[in-house]
Amino acid sequence: MPHPAKRYTGYRSYSYLEEGRDYKSFNLAPEIERVPAYAGPKLSTAQQERVQRLLTESIVLSTHDHPTRFPEEIDETIDYNRTGRHRTGYEGLARSGMTAVIDNFMDGTACVTSQAGWKWTDIIADLGLRFSDLAHQDYVIKAETVADIHHAKDTGRLALIAGLEASTPIENELDRIDILYGFGIRQLGIAYSEANTLGSGLKEKGDGGLTVFGRRAVERMNKLGIVVDVSHSGDVTSMDTIEHSTKPIMITHAGARGVWNTNRMKPDSVIKACAERGGVIGLEAAPHTTLSAAHPLHTIESVMDHFVYCVDLVGIEHVAFGPDTLFGDHVGLHNLFAGALSLGEAHAGVEYEHVPYVDGLENPAECFWNIVSWLVSHDYSDDEIRAVVGGNAMRVIEEVWI
């Protein structure tokens, strides 16, 4: 079911420079049809038209993705990342049906100068080079205000919201949050898998909760107008953050531990506390995360088991989608960065069957087509679909952003 390419005119990342001379060339994975198209569900003509209408009329917002292209040979990614020049997947985004996406950049894989990632200078290089590329085209808008998102919708463009999965690069410098805001960051995670100066990540056996500095950092994010995220934070740190924040937060990309019992998933207590303060949980689809007993082979059906569970737990007004996809071999990327991304601790020893990709939610170009198709085929109303594909996340953004 092809989506109109809107205002996209064929621009490719960094095409204002000379590839091979001004920056290193890589053979990149295709943005479209890298893997076979998802086969189901079978929709009637009327249902297909409804999917098209909902994606055309609604504000569709991914709470978490990495919409950049990776090398076709995924083992080249470290060399690719060292250049600092991730290529935005403009063609794929133009066919995605999305109005806006929270893009979390390279994050812990930003190894421009370091093997470990998360270094301040590397993050700034990543942000600056990507923003330089965005400034040379007019389809993707760097979104810093609510008005920017509505402008993208009204003009057939896509709004890219810059975020980071952890605040690790600020170290003990509170004003670096302001600097990141000045660069355009509008969403910040507390901690990734490892603990930092703000709090504990999900891999830590001892979760000390939000630190004194962490509380000050949350206060600063609230004052600036930055959405706070706890997707990779430990349970105690997540609860402390929710309770300390004066604004609703997001769990931008996770699932329910009640469906799949790993550290990467959130317990009912955290999901409910987030919702009670007005926040939302975005459902994750990175390979081998949101599995379920009913669908242990990771596909869109596994993810939607988490969706149904969370809707029953906290109500449909507190659920969204943050698929956490990219253009390339995501499973291979995880294997390459397994140590840096703490995947072993995240899965907590739970056995699962490996898949080469998540069927139905493989890349940013296809996710919302298949999500909306699933929702239509399961008889959700137009209002319910509009809420979960963008309306709920927009409600939080409108309250948090200044």
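Around the Cα centre of the chain, unit charges on the Cβ atoms of Lys, Arg, Asp and Glu (plus for the first two, minus for the last two) sum to a dipole of about 680 debye. By DSSP, the beta bridges lying fully in the chain are antiparallel in about 15 percent of cases.
Highest first, please rank the peptides 160-173, 292-305 by the mean number of other Cβ atoms sitting within 10 Å of their residues. Walk me through the numbers on the way to the answer.
Numbers: 160-173: 22.4, 292-305: 19.7.
The peptides rank, most packed first, as 160-173, 292-305.
Phi angles of the range 190-203 translate, via the Karplus equation with coefficients 6.51, -1.76, 1.60 and θ = phi - 60°, into HN-Hα couplings of 6, 9, 8, 5, 8, 5, 9, 6, 8, x, 9, x, 6, 7 Hz per residue; Gly and Pro are given as x.
Leaving out ligands, DNA and RNA, what percent of the accessible area of the chain is carbon and sulfur, probe 1.4 Å? Intermediate values should be presented prior to the final figure.
On the way: 7240 of 14580 Å².
Heavy-atom surface of the chain belonging to carbon and sulfur, 1.4 Å probe: 50 percent.
Could you tell me whether the range 38-167 comes out rounded, prolate or oblate from its Cα gyration tensor? Rule is a ≥ b ≥ c as square roots of the eigenvalues, rounded for a/c under 1.5, then prolate if a/b exceeds b/c, otherwise oblate. The shape class here is prolate. Surface analysis of the chain yields an accessible area of 36 Å² per residue, using protein heavy atoms and a 1.4 Å probe.
Under 1.5 on a/c is rounded, so check that first for the range 1-72, then, if it is not, pick prolate when a/b is larger than b/c and oblate when it is not; a ≥ b ≥ c are the square roots of the alpha carbon gyration tensor eigenvalues. Prolate shape, in that a/c is at least 1.5 and a/b is the bigger ratio. In this structure, the amide hydrogen of ALA256, modeled 1.01 Å from its nitrogen in the peptide plane, lies closer than 5 angstrom to those of LYS266, counting only residues at least 5 positions away or on a different chain. Ranking GLY199, GLY279, GLY184 by how far each Cα lies toward the positive end of the dipole of the chain (charges on Cβ) leaves GLY184 at the top. Largest accessible area first, the residues HIS150, HIS354 order themselves as HIS354, HIS150 under a 1.4 Å probe with ligands, DNA and RNA left out. Residues whose amide H comes within less than 5 Å of that of VAL319, counting only those at least five positions distant or on another chain, are ILE281 (H built at 1.01 Å from N in the peptide plane). Would you list which lysines come within 20 Å of LYS205, measuring only between C-alpha atoms, while excluding same-chain residues fewer than 8 positions from it? LYS205 reaches LYS266.
When a/c reaches 1.5 or more, the comparison of a/b and b/c decides; with that in mind, is the range 149-220 rounded, prolate or oblate per its Cα gyration tensor?
Details: a/c = 3.28, a/b = 2.03, b/c = 1.62.
Prolate, since a/c reaches 1.5 and a/b exceeds b/c.
Between GLY360, GLY189, GLY315, the Gaussian network model of the chain with springs among Cα atoms under 10 angstrom shows the greatest mean-square fluctuation at GLY315.
Shown for the chain are the DSSP H helices of 20 Å or more along their axis, judged by Cα atoms, with a mean Kyte-Doolittle hydropathy of at least 0.0: 120-134, 300-314.
Take LYS272, LYS223 and sort them by solvent-accessible surface of the protein heavy atoms, 1.4 Å probe, largest at the top.
Working: LYS272 85, LYS223 155 Å².
From most accessible down to least: LYS223, LYS272.
With the helix formula -39500 (n - 2.57) applied to DSSP H stretches of n ≥ 4, the chain reaches a computed 222 nm mean residue ellipticity of -10000 deg cm²/dmol. A straight Cα-to-Cα reach below 29 Å connects LYS142 with the lysines LYS6, LYS24, LYS119, LYS153, LYS223, LYS247, residues fewer than 8 places away in its own chain not being considered. For the residues ASP324, ASP79, ASP126, a GNM of the chain with alpha-carbon springs under 10 Å puts the largest fluctuation on ASP79. Residues whose amide H falls under 5 Å from that of LEU28, counting only those 5 or more places apart or on a different chain, are GLU72, with hydrogens built in the peptide plane.
The values are calculated or read from the model by the stated rules, or taken from the named source; none is laboratory data. Please read all numbers here as calculations on a predicted model, not as lab measurements. FYI the Cβ positions are ideal-geometry reconstructions off the backbone, even for glycines, and counts take in every protein chain you see. Just so you know, the surface numbers come from the protein's heavy atoms only, side chains and all, with ligands and any DNA or RNA stripped out. Shrake-Rupley method; radii C 1.70, N 1.55, O 1.52, S 1.80 Å.
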